[in-house]
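First the structure, in the form of structure tokens, and then the observations on it.
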Amino acid sequence: MSSPADADLVLEISWVLTDTGLKLPVLGQLRLVIVDPKTHVTLWNFTEYVRGAILLGNRDKNFDQAMNTMRSLTSPPPATTDAGQK
């Protein structure tokens, strides 16, 4: 596409840091907004919360888990075969 207006859909991804005041605060929110570029209407809005962690490896793992959840929401379903049908 030469511009977002030429696309069928626009995906806006953002990262917002938050603190809930809990013992283990939410590290952040991974947000995905899907917009119709012609009307600028939000069609879908997904928020995945990423839990905080003391160790960097655990924080990375939590972020990766949130990213995988977001990917599963936006990925097409797996192709099915007719092999099992009679």
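The values are calculated or read from the model by the stated rules, or taken from the named source; none is laboratory data. This one's a predicted model, so the numbers in the text were calculated from it and none came from an experiment. Positions of Cβ are backbone-derived with ideal geometry, glycine not excepted, and every protein chain shown enters the neighbour counts.
Out of the residues in region 26-46 that are of a type in the set (S, T, N, Q) and under 14 Å from the mean Cα position of the chain (by Cα), state the one that is modelled with the lowest pLDDT. Ranking the qualifying residues of region 26-46, first place goes to Gln29. Of the residues examined, Val16 is one that is loosely packed, with under 15 Cβ neighbours inside 10 Å and at pLDDT below 85.
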